[in-house]
Amino acid sequence: AQSVTQLGSHVSVSEGALVLLRCNYSSSVPPYLFWYVQYPNQGLQLLLKYTSAATLVKGINDFEAEFKKSETSFHLTKPSAHMSDAAEYFCAVRGSNTGKLIFGQGTTLQVKP
Amino acid sequence: DAGVIQSPRHEVTEMGQEVTLRCKPISGHDYLFWYRQTMMRGLELLIYFNNNVPIDDSGMPEDRFSAKMPNASFSTLKIQPSEPRDSAVYFCASSFRGETGELFFGEGSRLTVL
């Protein structure tokens, strides 16, 4: 079975500071990993995904994530936070041979001016 | 493409009433998912279909919930009878190319049961 744990339900950073959102996964098979963002009153949008092609994945809006098998982690980073990055971020895992996408509990990112 | 289309966007109903939520996936997608989002439980997968066939409904809370996909372009999630604890945002999502394909989400249906 697959699962994800997001460390920290709320993260607050200053505008221009580094963003780091943590995600650890559990999977008995090679996982496919995703980061989604949700703005208020909207659906989820894909930021980036890992599908075993490269361990460092670049996404939209300068976000990137690194797959570390030894640490079972897939942390999301952005070098410089912008006010428009304030939203809820979800890490998700999908095992091979299954259609199920399992989400973590989400991390709310607050960006202070 | 118009994306995943859900209706209604908002529904307010009274306990005991039947609720039907609708979803039109992106054309050509072969997977369709229904999720429920609440503050307490986060995003929960209720059921998903592959090529219109239900594959896993283990997340459906109880018999009051049912989902159908009569064709590749339409799905419904029905709650009968509804209860206040069903109040949530219900999302439909679709994807293509199996497990590596990203899910595209609709904007959700916000259900309030009084």
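Each reported figure results from applying straightforward, stated rules to the coordinates on display, with no laboratory input. As the structure is a prediction and not an experimental result, all values here were calculated from the model. When we count neighbours, we look across all protein chains shown, and the Cβ atoms used for this are built from the backbone with ideal geometry, even at glycine.
Could you compute the FRET efficiency for A:Ser12 and A:Lys69, with r as their C-beta to C-beta distance and R0 at 25 Å, rounded to 0.05?
Details: r = 30 Å, r/R0 = 1.20.
Given R0 = 25 Å and the Cβ-Cβ separation, E is 0.25.
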- Note on the structure: On the formula 1/(1 + (r/R0)^6), with r taken between the Cβ atoms of B:Glu62 and A:Lys58 and R0 of 25 Å, the FRET efficiency rounded to 0.05 is 0.05
- Message: Neighbour counts of other C-beta atoms within 10 Å: give me A:Tyr50, B:Tyr48, A:Tyr39 arranged from fewest to most.
- Response: A:Tyr39, A:Tyr50, B:Tyr48
- Averaged across the residues of B:42-49, what count of C-beta atoms belonging to other chains lies within 10 Å of each residue's C-beta? 4
- Whole-Å distance, taken between Cα centres, linking region A:49-113 and region A:1-39: 5 Å
- Message: Please arrange A:Arg22, B:Arg85 by how many other C-beta atoms lie within 10 Å of their C-beta, fewest to most.
- Response: B:Arg85, A:Arg22
- Roughly speaking, what is the stretch gain from B:Met39 to B:Ile5, that is 0.36 nm per residue apart minus the C-alpha to C-alpha distance, in nm to one decimal? 9.9 nm
- Item | Proximal lysine pairs, chain A, alpha carbons under 24 Å, eight or more residues apart or interchain | 14
- Message: Just to check, using Stokes-Einstein with a Kirkwood Rh over alpha carbon pairs, what's the diffusion coefficient of region B:7-114 at 10 °C and 1.306 mPa s in µm²/s?
- Response: 115 µm²/s
- Ranked on Cβ counts within 10 Å of their own Cβ, fewest leading, B:Val12, B:Val53, A:Val4 go B:Val53, B:Val12, A:Val4
- Under the definition of partner shielding as Cβ atoms of other protein chains within 10 Å of a residue Cβ, what is the mean value for peptide A:99-107? 6
- Antiparallel bridge percentage (DSSP; both residues within chain B; nearest 5): 90 percent
- Quickly rank B:33-42, A:79-88 as a protection proxy: mean count of other C-beta atoms within 10 Å, highest first. B:33-42, A:79-88
- Task: May I ask for the Kirkwood hydrodynamic radius of region A:1-92, worked out over all distinct Cα pairs and given in angstroms to one decimal?
- Result: 13.5 Å
